[in-house]
Amino acid sequence: MKESEDINYTLEKNLEVISQLNEMVDDAVDNILVDPDECWQPTDFLPDMAESDAFDEIRKLQERAAGIPDTVITSLIGNMITEEALPSYQTYFNLVEGINPEGNLLSPSGWVKWSKAWTAEENRHGDLLNKYLYLSGRADMRKVEQTIHRLIYNGFDPKSEKDPFQAIIYTSFQERATKVSHVNTGKLADKAGDHVLARICKTIAGDESRHERAYKSFMSRIFEIDPNGAMLAFEKMMRKQIVMPAVLMGKGGDNPTLFDQFSAITQKIGVYTGWDYARIIDHLVKLWKIETITGLDGAAAKAQDYLSGLSSRYMRLADRMKTPDEISLAWLK
């Protein structure tokens, strides 16, 4: 079988499996995601501008934010910019084979309903962080807005090849990575005395945790139905490495290394590190019971061997990785 024919056969097989998850995904919309009337909203955490004490509340917000180190503010901005590129992420998910084959956003399909409801919840994250940073006075909001503009302009490619198995592995990984980043940012905000920002980060991390749980459960079911295909997809995704969503934030601009600068800061202050990357791999390998799956064919068995030792290899790399001595701050006043 030619390589192109093999890819088409694999994708066709994967689509059959994905269609079997439609009811499960539909159920996740009702039981893992939250109805808009019951969900928290950005205004729950911010000064109410209709109240007479609004400017006093803004002053208190700015006083709290003044004590946060520049590195933490820069990391927070990078996290916010990542969240604000949501149009690219929803577009990507809807282009994955089998998710929305009709191209109809009003489809009753569980996958289409999930795509919309998941996006709706995620949309609040960027809104809240953006408004907080605007009111804090700590960020050069024009530069921030230019970066958001450029990131959406440049688009997003997680290198999952439109394969639904690889896409769900990617989102399982990335939702956990985002959760880790928000949790650690919240801890640093709390340490600096901004307990409101700490609560904001913790709340956003809670959303990411629910979304992570859903995507991991979808992939767990795929491993049950098609362990060979799931194993090969997991190996493919990990050999390419997980591309961070905001990697193109500086491409084409006057600071093309902007994402590298942001990553260096998150590594230095412990918001998201090489160890975190390794620990996420370890978590997924254990969750999906990669090492104990039996009855695999030759290629999938080789993928199993590769995946079983992968977190250890990344942990050794993380141990040898030097914390950046010098970092460049961006987006600050």
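Quick look at the values:
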{"quantity": "Filter pass, GLY193 being in a loop (DSSP other than H, G, I, E, B), touching a helix residue (DSSP H, G or I) at 6+ places or on another chain (Cβ under 8 Å) and in contact (Cβ under 8 Å) with a residue 60 or more places away in the chain", "calculated": "yes"}
{"quantity": "Failed criterion for ILE68 (all others in (1) within 21 Å of the chain's Cα centre (by Cα); (2) under 25 Å from LEU258 (Cβ atoms); (3) of a type in the set (Val, Ile, Thr) hold)", "calculated": "(1)"}
{"quantity": "Pairs where the first residue, in the range 19-47, is touching a residue at least 24 places away in the same chain (Cβ under 8 Å) and the second is of a type outside the set (A, V, I, L, M, F, W, C) and not in a helix (DSSP H, G or I), C-beta under 7 Å, 6+ apart", "calculated": "SER19/GLY98; ASN22/SER109"}
{"quantity": "Residue under evaluation MET249, criteria (1) among the aliphatic types (A, V, I, L, M); (2) out of contact with any Leu (no Cβ under 8 Å at 6 or more places or on another chain); (3) over 24 Å from ASN31 (Cβ atoms), criterion not met", "calculated": "(2)"}
{"quantity": "Cβ pairs under 6 Å, 6+ apart, first in the range 51-66 and under 11 Å from VAL196 (Cα atoms), second surrounded by fewer than 13 Cβ atoms within 10 Å (Cβ to Cβ) and of a type in the set (A, V, I, L, M, F, W, C)", "calculated": "none"}
{"quantity": "Count - residues of the range 289-318 that are buried (at least 21 other Cβ atoms within 10 Å of the Cβ) and touching a Ser or Thr at 6+ places or on another chain (Cβ under 7 Å)", "calculated": "1"}
{"quantity": "Pairs, first farther than 27 Å from THR147 by Cβ in the range 309-333, second of a type in the set (Val, Ile, Thr) and surrounded by 14 or more Cβ atoms within 10 Å (Cβ to Cβ), C-beta under 8 Å, six or more apart", "calculated": "LEU310/ILE281; LEU310/VAL285; SER311/ILE281; SER311/VAL285; TYR314/ILE281; ALA318/THR273"}
{"quantity": "Any hit, the range 148-170, residues being surrounded by 20 or more Cβ atoms within 10 Å (Cβ to Cβ), within 30 Å of MET49 (Cβ to Cβ) and over 19 Å from the mean Cα position of the chain (by Cα)", "calculated": "no"}
{"quantity": "Residue check, ALA85 out of contact with any strand residue (DSSP E or B) (no Cβ under 6 Å at 6 or more places or on another chain), closer than 26 Å to HIS195 by Cα and either touching a residue at least 24 places away in the same chain (Cβ under 8 Å) or aliphatic (A, V, I, L, M) (or both)", "calculated": "no"}
{"quantity": "Check on GLY186, in contact with a Leu (Cβ under 9 Å, 6 or more places away or on another chain), free of Cβ contacts under 8 Å to residues at least 60 places away in the same chain, over 24 Å from SER308 (Cβ atoms) and part of a helix (DSSP H, G or I)", "calculated": "yes"}
{"quantity": "Filter result for LYS268 (of a type outside the set (S, T, N, Q) and within 28 Å of GLU83 (Cα to Cα))", "calculated": "yes"}
{"quantity": "Number of the condition not met by MET249 [criteria: (1) in a helix (DSSP H, G or I); (2) within 19 Å of the chain's Cα centre (by Cα); (3) of a type in the set (A, V, I, L, M); (4) crowded, with 21+ Cβ neighbours inside 10 Å]", "calculated": "(1)"}
{"quantity": "Residue in the range 253-288 that is surrounded by the most Cβ atoms within 10 Å (Cβ to Cβ), counting only those that are outside any helix (DSSP H, G or I) and in contact (Cβ under 8 Å) with a residue 24 or more places away in the chain", "calculated": "VAL271"}
{"quantity": "Selection count where residues are aliphatic (A, V, I, L, M), over 22 Å from GLN166 (Cα atoms) and in a helix (DSSP H, G or I), scope the range 83-132", "calculated": "3"}
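Readers should treat all values here as calculations from the given coordinates under stated rules, not as data from a laboratory. Everything numeric here is computed off the predicted structure, so don't read it as measured data. Methodologically, a virtual Cβ is constructed for each residue, glycine included, from the backbone with ideal geometry; neighbour enumeration extends over all protein chains shown.
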